[in-house]
Every structure is written in C-alpha cells, then in structure tokens.
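Colleague: Could you have a look at this structure, given as structure tokens, before my questions?
What follows draws every value from the coordinates through simple rules; no lab data is involved. This structure is a prediction, so every number in the text was calculated from the model and none was measured. Glycine also receives a Cβ, built like all others from the backbone with ideal geometry; neighbour counts cover every protein chain displayed.
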Amino acid sequence: MFSKFDIDELQKESMDSVKPMERRTFLKMGLLISGVYAGGKVLQVKPADAFGGHGKGASYKPHYGMVIRQHLCVDCELCVEACTKTNDVPSYGYRTRILEHVEERAIGQKREFIPVLCNQCNNPPCVRACPTSATYKDKENGIIHVDPRRCIGCKTCMLACPYNARYLKSSTKTVDKCNFCYDTRLSRGEKLTACAEACPAGVRVFGDVSDPASKPYGLIYQLQHPVWVLRPESGAEPNIFYTKG
Amino acid sequence: MKTESKTSVLSHVVSSFDSSVLKGWYSSLGEMVQGTKKYYMAMGLFWLVIYASTLVALDAISVGYHEAYGVTREIPWGLLISTYIFFVVTSTGLCIISSIGHIFGVKSLLPIGKRAVFLSIVTICSGFVVILLEIENPFKMMLYNMLTPNLTSNIWWMGTLYGAYMFFMILEFSFLLLNWHRTAIIAGLIALFSGIAAHSNLGAIFGMLHGREFWYGPYMPIYFIVSAMMSGCAAIIFFTWTAYRMSGKPYDEPMQKAMQTLSKLTVLLISIVLFFTVWKIITGLVGAEGKVLTIQSFLFGSYSVNFWVFEVLLGMVIPLVMMLVSKGRKYGMMALASAMMLVGIFVMRFDLVVLGQVVSVFHELGVNEYKGILEYTPSFHEWAIVIGALSVTALTFLLGEKIFKGHVADEH
C-alpha cells in the first residue's frame, strides 16, 4: 500500500520547496478568482453580479439563482424530461437543455456536459427589447417572466437573448421560456425547480443566492473552486453560475 | 379673428375641392378606362399574383407560422423581416430624397417630389403587409403598443414612429394634391423627422442587441439611413422611367435635370455605402471568433454568391459604372442600373438580417451542437408573401400613375 511512498523523497512544506510549475498553477487560480479573463470563457463572479448588480441597488428577496456543478453532469436528461412535463413544453421546444463539449487535446476526460437555461439576468437584454413590456423582471424575486396576454410574437427577445433561452410556442403563439417553474412549482410552495429536483447527481443547485445560509450562496462565495458565468461579455449579469471540482 | 380665419380656411378647402380636386378625381376615372392593353394586362397579372399569395398567406395563418415558415429558434428572423426592412428602407429613402426638393427647396429635384411621396406611402404599406404576416399577434401589437409601452425598446419606437410617419406622409400627399404647399411642407417635415427617427431605430434594434456581435454597435443606425437614401434614389429613378415609358411622354427640361441630379446622387450614395461595407469587413475580421466566422461566410462561404454577385456587383459596382456612363442622360441605362440596385439591395437586407444569426450565441463555448454556421432556407410560404407584397407595390404604382395623372409637379 505504501510501496511508492518514500519518506526520503518528501520535502518540507515551506515556500522554497514549491516548484515553479506548481507556483504558476496556484497563481493562475488566483488570477481566475480575482476576475481576470482566462481562456476566453471564465470570469470570476463579483459579489455585485449576484446582488442586484449594475449599481441600481436592485435587491430581490429571495433572489433566485442556480449553481450548475458542471463536472457532475452525465447528460441523463432527467432534468429536461422533468421540465418538459412540468411546464407543458412542446416536442420542438425546450426551456433547458444539455450541451456537449468534447476536447480531444485534454488529458484524461475529454467530454463534458453543459446544462443551459434562462439566466434570469440582472440586466436582461430581452426585457429591454420587448416593445409591449410582455417580458419583465419580477421585482420581488428577479425571475424573468413572459405575460402571454401581452406578447405579440415579434421574436425580438429571442434575438436579444445571449443564451438562446427562448422559443416560440405555437399553441399560444407567444414566446415561452424558463421561469424557474414559478407558476408550476415555486408559487405553489415547492422549494425547488423541477429540473433541480429531478437531477440525480445534484448538478443543479437552486435557491436564494442572496441568502448566506443557502446552498448556492456557499458554492458561489468561496475561493477554492472557480465560479463563472456564460458569456459575461454581453453585460447581461446572469444568475446561473457554473462551477467545477 | 379666429372665426374669420376658420371661414377662410373652410372656403379655401371648399374652393380647392370645388375647382380642381373634384374635377380632377372625375377625370382620373376617365383616365382609368383609357389605359393601353399592356397596362390592363399588367394590372391583371399583379391582381392574380396578389390573389394567389393571399391564399398562401391564409394557408400560413391556418397551419401556423411555425409550420409554414422556415425560421427557427436559432434564426427567428428571416426573409419576411428582411423584406419588411427592404420596403421601409425604400420608403424612408424616397421620403428623404423627395424632401431635398420640395422641403429644402433644391429646385432640380422638385419634379420627382409627388411621385416619390406617393411611392413612399405605397412601399411603407407593402412593408406593413409583410410585417402583419410575420408577427404572430399583430392585433395585440396595436393594443399593447399603447397600453403597456416599453420606452426602452427600439422596436416600440420604430413601430410607433413609422405609424406617425405614414400618417404624416399621407397628410403631406393630400396637401400636395390640394396644392396647399406650405401645409404640405410642414407635414412633410414632420414625416421626414419621424421617418429618420423610425429608420434609425430600426437599425438600432440590431445595433443595440449586445448579445449579437455582428450587429452590435452604432454602425447599424447610421448605415441604415445612408443605405435608405441609396435605395430611395434607385426606386425613384426606376419608377420614373417606368412611368414615362408607360405614358410615352417626353421628359421635359426640369425632369431631365432631376434625372441628372439623381444619377449623381446615386453615384455618391453607392460610394458611401461601398466605403461603409469595406470598413465593416476590415473591422470585423479582427473581432472575436464568431464575428470572423460570419464575415468569412459571406466573403468565401455559403453566402459568398449573395455577397459578391448580388450585393457588390448587382447592387453597387455595376450600377455605379452604369450611372457614370449614362451621364444622367441615358434613362434606359439608368433604369436598368436602378433595377439591378433594387435586386442587390433586397439581397443586402436578407444577408444583413440572416448573417447576424448564423453564428450561434453559444459558438464560443465550443460545444458540438453549435460548431458551424447555422442554416436558414426561406419556405414557399415566405417567398409567396414576399412576391405578393412586391405585387402590391407594383399594382398601386400603376393605379397611382393613372389616378394622379403621372404625378405632375406644380409650381411652388
């Protein structure tokens, strides 16, 4: 059991024994965490991103958000199935889906899955674009809703969305999207969205991202693992956070 | 004082109607029954096309746009939106070009004024026909545009301002018919301002989508206005030539001058749009991966025929040369050049709308689902509606030439 364990090879744990490579890895992680744009996709989340953001002092209570623990996703699609059933999503549409990323050059694991859904942004491009205020941000909980009565089906919000989170539902002739199961679950007293509840691996951690006691809060505000959002350059200030490890 | 002025206005209206307008309308009817065989055949053909495409449009409504149109979740805006833009670009352009003459007093462009104003109303109406068949709930739009407006939305401003624009253009045209030139100028000026504001907002719908790199930035609103003027020149040259061809009348001296000025203006505007296009490409090529991919797709990829053959050659370069060669005197050549421009501009609008969507918003994640260029092919229903709307323009133009007797310019 300890055959490869050679006590003579061990070094003391002081700064002078840290190899340059390890030091670089550590620094890289530090840069990541302090918000340097790394690898084109990763940006550390500032606390402001989670708390209303944009200096407008908007604060939602509860402020619903989700942390996606990407490394745990195995693409079983039980979340998509649960979402479809709960929210009457037609076969040609989806409110959430799982994207597949393959990196041939990676050592070891080469495939990963990226669940995507509406990011319930704090600076939502879709809300600004809608001519009839049919899509709006809930002042209490930050969820982006679509009011089907007011939606004229111009599809501008579909173009505006940086996350391709919207589709046109032909039965209602209006745009449909994820609303964190607000009408079907949250408003009826449930604590979780259908997808979060259905996930067997605990990929989707849903809750109040402004509550220090909540599970997603603990996953976002820590320095051990990188946390990022998708397409930060769009300035939409999303509320779906991704983490690994 | 007030009652006096009221009575004078009233008497003016009555006398205007009494003397010229009523008689004018009566004689218009006379003109209608005196068309040539070709004229009636053309009218009949366009009626038939409109009838057929109305049937197709009704079919699209009954089966649902989701089934009938080729647009997708990733590419929600397609041929119908680009055709709507083509029409309103032309309308705004005609309004701007006509305003140079009869609002800002550049005499050489006075003779084209009435026809341009009429055509700008015709083209905006054709555009509205298309957009009514594109939007899922157009009637709700009219209601909630007023009830729950979103003042930060460009599409709200665009719709509302284009409504005002159409109203004031119709007012302007009516005043021109009544020979109330001062009032016509006021209505025309309001129409011009709302048209420019509406059109730049149309550009801003694209320019302000900060999730879409290909469009985002101040370029779109500026480009839209310049390319509108280019389209306006092409349209007025083409339709003036067609009108003279129909009536067989010779071009009088003011009209000859107008055509010469228009050819010069067209050369200038094509040059500006070419300049814009070159810089759009050069700046785009140093952008993010998605934007570079889009630029490559029309420079060398699946949209290269659209770009090089239609946009560049037919839409700009060949017409530019032809306009220069014609020296503003060979009207047939100028008309051919403008017809080519209109075709090229139609494709330009299509490419502008579709190319902004062919690279997925998730492209840079490198996921398998969104690696390449997304596909969009317009459906039969979409094409039929476009052809129907073009026929509406053609038919109304033909009717207008008779009813308004060749849009003869009056002395200001």
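Colleague: How much space per residue, in cubic angstrom, does the convex hull of the C-alpha atoms of region A:89-216 take up? Don't skip to the answer; put the middle values down first.
Modeller: Working: hull volume 20.0 nm³, N = 128.
In region A:89-216, the Cα hull volume divided by residue count equals 156 Å³.
Colleague: Moving on to the next point. I need the per residue convex hull volume for region B:207-252, using only the alpha carbons, in cubic angstrom as a whole number.
Modeller: On the way: hull volume 3.4 nm³, N = 46.
Each residue corresponds to 73 Å³ of Cα convex hull volume.
Colleague: Rounded, prolate or oblate: pick one for region A:69-129, where a ≥ b ≥ c are the square roots of the eigenvalues of its C-alpha gyration tensor, a/c under 1.5 means rounded, and failing that, prolate if a/b is larger than b/c, else oblate.
Modeller: Values: a/c = 2.72, a/b = 1.46, b/c = 1.86.
Oblate, because a/c is 1.5 or more while a/b does not exceed b/c.
Colleague: While we're here: How many angstrom lie between the C-alpha centres of region A:58-84 and region B:226-265?
Modeller: The distance from the Cα centre of region A:58-84 to that of region B:226-265 comes to 61 Å.
Colleague: Once each part is reduced to its C-alpha centroid, what is the distance from region B:307-384 to region B:144-192 in angstrom?
Modeller: 29
Colleague: I need the shape label for region B:79-192. Rule: rounded when a/c is under 1.5, else prolate if a/b > b/c, else oblate, with a, b, c from the alpha carbon gyration tensor. It would help to have the intermediate numbers written out before the result.
Modeller: On the way: a/c = 2.43, a/b = 1.84, b/c = 1.33.
The shape class here is prolate.
Colleague: Please report, largest first and rounded to whole Å, the three semi-axes of the ellipsoid equivalent to region B:39-407, where each semi-axis is the square root of five times an eigenvalue of the C-alpha gyration tensor.
Modeller: Values: eigenvalues 218, 115, 85 Å².
Equivalent ellipsoid of region B:39-407: 33, 24, 21 Å, largest first.
Colleague: When B:SER174, B:SER62 are ordered from fewest to most other Cβ atoms inside 10 Å of their Cβ, what list results? It would help to have the intermediate numbers written out before the result.
Modeller: Details: B:SER174 14, B:SER62 9.
Ascending Cβ contact count within 10 Å gives the list B:SER62, B:SER174.
Colleague: Right, something else. Of all DSSP beta bridges in the protein assembly as shown, what percent run antiparallel (nearest 5)?
Modeller: On the way: 21 of 25 bridges.
Among the beta bridges of the protein assembly as shown, antiparallel pairing accounts for roughly 85 percent.
Colleague: Arrange the following residues from fewest to most other Cβ atoms within 10 Å of their Cβ: B:HIS102, A:HIS145, B:HIS181.
Modeller: Values: B:HIS102 26, A:HIS145 17, B:HIS181 14.
The most exposed by this proxy come first: B:HIS181, A:HIS145, B:HIS102.
Colleague: To the nearest 20 debye, what charge dipole does the protein assembly as shown have about its Cα centre, counting +1 at the Cβ of each Lys and Arg and -1 at the Cβ of each Asp and Glu? Don't skip to the end; give the middle numbers.
Modeller: Numbers: 59 positive and 48 negative charges, 270 e Å.
Once rounded to the nearest 20, the dipole reads 1300 debye.
Colleague: Using only DSSP helix segments of four residues or longer, with each worth -39500 (n - 2.57), what per-residue ellipticity at 222 nm results for chain B after dividing by its residue count and rounding to 500? Could you put the intermediate results ahead of the total?
Modeller: Values: 15 runs with 292 residues, N = 412.
Rounded to the nearest 500, the figure is -24500 deg cm²/dmol.
Colleague: Here's a follow-up. Rounded to the nearest 0.05, what FRET efficiency do A:GLU140 and B:LEU55 have when you use their Cβ-Cβ distance and R0 = 51 Å?
Modeller: On the way: r = 49 Å, r/R0 = 0.96.
Working from the Cβ atoms, E equals 0.55.
Colleague: Also, quick follow-up: State the answer as a single residue: which of B:ALA116, A:SER133, B:TYR216 lies farthest towards the positive end of the charge dipole of the protein assembly as shown, with beta carbon charges of +1 for Lys and Arg and -1 for Asp and Glu, about the Cα centre.
Modeller: B:ALA116
Colleague: Per residue Cα convex hull volume for region B:344-383, in cubic angstrom? Intermediate results must be reported in sequence, preceding the final value.
Modeller: Values: hull volume 3.2 nm³, N = 40.
Enclosed volume per residue, from the Cα hull, is 80 Å³.
Colleague: Would you kindly calculate the translational diffusion coefficient of the protein assembly as shown, applying Stokes-Einstein with the Kirkwood radius from alpha carbon pairs, for 4 °C and a viscosity of 1.567 mPa s, and quote it in µm² s⁻¹ without decimals? Spell out each step's value before the answer.
Modeller: On the way: Rh = 27.9 Å.
Rounded, D is 46 µm²/s.
Colleague: Still on this structure, I have one more. Based only on other Cβ atoms within 10 Å, what is the fewest-to-most ordering of A:ARG69, B:ARG115, A:ARG105?
Modeller: Working: A:ARG69 20, B:ARG115 24, A:ARG105 5.
Listed from fewest to most nearby Cβ atoms, that is A:ARG105, A:ARG69, B:ARG115.
Colleague: I've got another one for you. For the protein assembly as shown, with the dipole built from +1 on Lys and Arg beta-carbon atoms and -1 on Asp and Glu ones, taken about the Cα centre, which of B:THR54, A:GLY245, B:SER271 lies farthest toward the positive end?
Modeller: Of the options given, the answer is B:SER271.
Colleague: Using a basic spin-label model with each label point 7 Å from the Cα along Cα→Cβ, how many nm lie between B:SER62 and B:ALA288?
Modeller: 4.5
Colleague: Determine the alpha carbon to alpha carbon distance for each of A:LYS177/B:LYS280; B:LYS249/B:LYS330; A:LYS85/A:LYS110 and list only those over 25 Å.
Modeller: Listed pairs above 25 Å: A:LYS177/B:LYS280; A:LYS85/A:LYS110.
Colleague: Running a GNM on chain B with Cα contacts under 10 Å, which residue among B:LEU365, B:LEU192, B:LEU80 ends up with the highest mean-square fluctuation?
Modeller: Answer for the Gaussian network model of chain B: B:LEU365.
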